[in-house]
Amino acid sequence: MKEMKEYTIPFVGLKVGEHAFKFDIENTFFEHFEYDEFNDVNIILDVALNKKTTLLEFSLRFDGKVNVNCDLTNEPFDQPIEGDYHFVVKFGEEYNDELEDILILPHGSYQVNIQQQIYESIVLSIPARRIHPGIEDGTLQSDILERLEELSPKEEKETEEETDPRWDDLKKLLTDK
């Protein structure tokens, strides 16, 4: 997959210590990954890079909202989203991103692209089941909700008044032992 230049951080010219970067994540970022679950995206991403002599420590912190469709009604709503992700960049013989929290770059690299880590951390922070907040508090009015209510199984209430008196005599035999 082609790298997006805006998420490439050149670390060669940076001094040892803390460095901060800020990104605005929008729909175009997820379109690059061909991920179409979001209707709209508005996320602020703060990246803290702690450069050390032999490695780089990254901390990603994001906060914002994504517009998704409800799993029950298919109504779009804004899902608040926040999270963080930490990973380390080490240097080795060849590029390796198979480990979960460690990215290995070849010796002599002068920049690192963090788009994959951003993508994975945001997508994995979305709840597996997306329910419109109007369903939970009862304020959402939808044809689909009304139809679901009609089709839901009704609870049958058994009252003792509706029992056949002949069965009552038989029930006494069970308790008279």
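In this calculation the C-beta distance from ILE44 to ASN96 is compared with R0 = 35 Å, giving a FRET efficiency of 0.70.
Listed by chain and number, the lysines placed with their C-alpha closer than 21 angstrom to that of LYS22 are LYS5, LYS51, LYS52, LYS65; residues fewer than eight positions away on the same chain are left out. How many angstrom lie between the Cα centre of region 67-113 and the Cα centre of region 1-66? So the two Cα centres are separated by 9 Å.
Only sites in a loop by DSSP and with at most 10 other Cβ atoms within 10 Å count here; which GluC sites (Glu not before Pro) in region 29-96 make the cut? Of the GluC sites (Glu not before Pro), the ones in loops of region 29-96 whose Cβ has at most 10 other Cβ atoms within 10 Å are GLU34, GLU93, GLU94.
Read-outs: derived from the displayed coordinates by stated rules, not from any lab. The model shown is predicted, which means the values in this text are computed figures rather than measured ones. In this analysis, Cβ positions are derived from the backbone assuming ideal geometry, glycine residues included, and neighbour counts consider all displayed protein chains.
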